1. Filter segment 280-293 down to the residues that are in contact (Cβ under 8 Å) with a residue 24 or more places away in the chain, touching a helix residue (DSSP H, G or I) at 6+ places or on another chain (Cβ under 7 Å) and within 22 Å of THR238 (Cβ to Cβ), then identify the one that is farthest from the ligand (Cβ to nearest atom).
2. Go through the residues of segment 320-332 one by one and say whether even a single one is at pLDDT below 95 and surrounded by fewer than 24 Cβ atoms within 10 Å (Cβ to Cβ).
3. Among the candidates GLU126, GLU196, single out the residue that is within 13 Å of the ligand (Cβ to nearest atom), surrounded by fewer than 21 Cβ atoms within 10 Å (Cβ to Cβ) and touching a residue at least 24 places away in the same chain (Cβ under 8 Å).
4. Just checking, does segment 294-308 include any residue being within 22 Å of GLY18 (Cα to Cα), polar (S, T, N, Q) and either out of contact with any Lys or Arg (no Cβ under 8 Å at 6 or more places or on another chain) or without any contact (Cβ under 8 Å) to a residue 12 or more places away in the chain (or both)?
5. Among residues belonging to segment 164-193 that are over 20 Å from PHE59 (Cα atoms) and of a type in the set (Val, Ile, Thr), point out the one that is surrounded by the fewest Cβ atoms within 10 Å (Cβ to Cβ).
6. Within the group THR262, THR239, which residue is within 15 Å of the ligand (Cβ to nearest atom) and buried (at least 23 other Cβ atoms within 10 Å of the Cβ)?
7. Applying the selection to segment 10-36, what residues are more than 23 Å from GLY273 (Cβ to Cβ) and either surrounded by fewer than 17 Cβ atoms within 10 Å (Cβ to Cβ) or of a type in the set (Val, Ile, Thr) (or both)?
8. Go through (1) under 17 Å from the mean Cα position of the chain (by Cα); (2) within 14 Å of the ligand (Cβ to nearest atom) for GLU220 and report which single condition fails.
Amino acid sequence: MSRSKRKWDHIRYALATGQEQKAGFEDITFIHQSLPNCSLDEIKLDTKIGGLSVSSPIFINAMTGGGGERTLQINRDLAIVAEKMGMAISVGSQMAALKDPAEAKTYQIVRKENPNGMVIGNLGSEATVDQAKAAIQMIEANALQIHLNVVQELTMPEGDRDFSSALLRIENIVKGANVPILVKEVGFGMNKEAVEQLFSIGVSAVDIGGFGGTNFARIENNRRKSTLAFFDEWGIPTTVSIAEAKATSKQGAVLASGGIQTSLEIAKAIALGADGVGVAGYFLKILMKEGVDTLVEELHVIHEELKMMMTALGAKNLKELQNAQIIISGKTYHWLNERNID
Ligand code: FNR
């Protein structure tokens, strides 16, 4: 199967397969605060992602590029949204353009539409230092995401089977690249031990990419009518994985993603400790079904709702929201209890 066909399949099947809504957010409840002692117009949403200032804690996570005109159009639209909202944006895996330079423009459009914004490159952990440098240069990336997608590869008949030495390759990229390196999962979550290993080799941030939203095992199984059904339910839910990542003693930012759609879920992810929140499938769905203007409108609503919740909680900025009081119940509580994570 051509790489370009696979790119388009991922978009079609992600939209058809939808979001699982199993990310664990129903287990998180804010403790209401009757005396918040703040006013709506004091609330600030600006923050830093990968060391760069952005107006929003929400970023558009890696999706596409490398599939010709159709993926160029999607990246152009997503970049327009990011630029309008002052949000960071990641492109999809750039390996397609490293293999076929004619595809570079499908990624470069993001930088073109967003000349001063935060644009994040993306490659898999098979990448060499030279490939990482080329991907950064291609889009003048402010940071580079390296994705870990073992289960997705295993569910693809043509996928990788050898995952040895990924940590060593990432360490070499950290040393050789001149931008912060972020390491992300793609919907299966990361445990504390993996995050600890990544922070100890100098990775600036992890995006835990938890289970519960876009499900690449299900997408690959549906595409191929293959039967690795046991992977359909495989992964660490997003809520659990944020808490796992925050439990390390090492330094590094924790970004949350995986099944996040609403302002309430974004607020809960931040209250669990996330420094930023990535959304992929849900934004893609709005863009493809309703267009750029609706997605921009939805983001304005999400930002306003976030400010409302922060007012109710007395959290004037994202640091204070990270310290908001929550109750953790259900499966998330059980998991964290068993792992001795508080
Ligand atoms: C993705 N994702 C992804 N991730 C990555 O690191 N490189 C990539 O090329 C892609 N490609 C891609 C295509 C499509 C169509 C989707 C929907 C997603 C994964 C994405 O960045 C994210 O980690 C997961 O989708 C989980 O987040 P959501 O979708 O539940 O918000």
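The values are calculated or read from the model by the stated rules, or taken from the named source; none is laboratory data. Worth saying up front: this structure is predicted, and the values here are computed from it rather than measured. Cβ sites come from the backbone with ideal geometry, for glycine too, and all protein chains shown count toward neighbours.
1. The qualifying residue farthest from the ligand (Cβ to nearest atom) is LEU287.
2. No, segment 320-332 contains no residue that is at pLDDT below 95 and surrounded by fewer than 24 Cβ atoms within 10 Å (Cβ to Cβ).
3. Within the list GLU126, GLU196, the selection yields GLU126.
4. yes
5. Here is the first cut: in segment 164-193, the ones over 20 Å from PHE59 (Cα atoms) are 164-178, 191-193.
Now restrict to residues that are of a type in the set (Val, Ile, Thr): 170, 173-174.
Details: ILE170: 22, ILE173: 27, VAL174: 20.
Across segment 164-193, the extreme among qualifying residues is VAL174.
6. Numbers: THR262 fails: buried (at least 23 other Cβ atoms within 10 Å of the Cβ).
The match here is THR239.
7. ILE11, ARG12, LEU15, ALA16, THR17, GLY18, SER34, LEU35
8. GLU220 satisfies every listed condition except (1).
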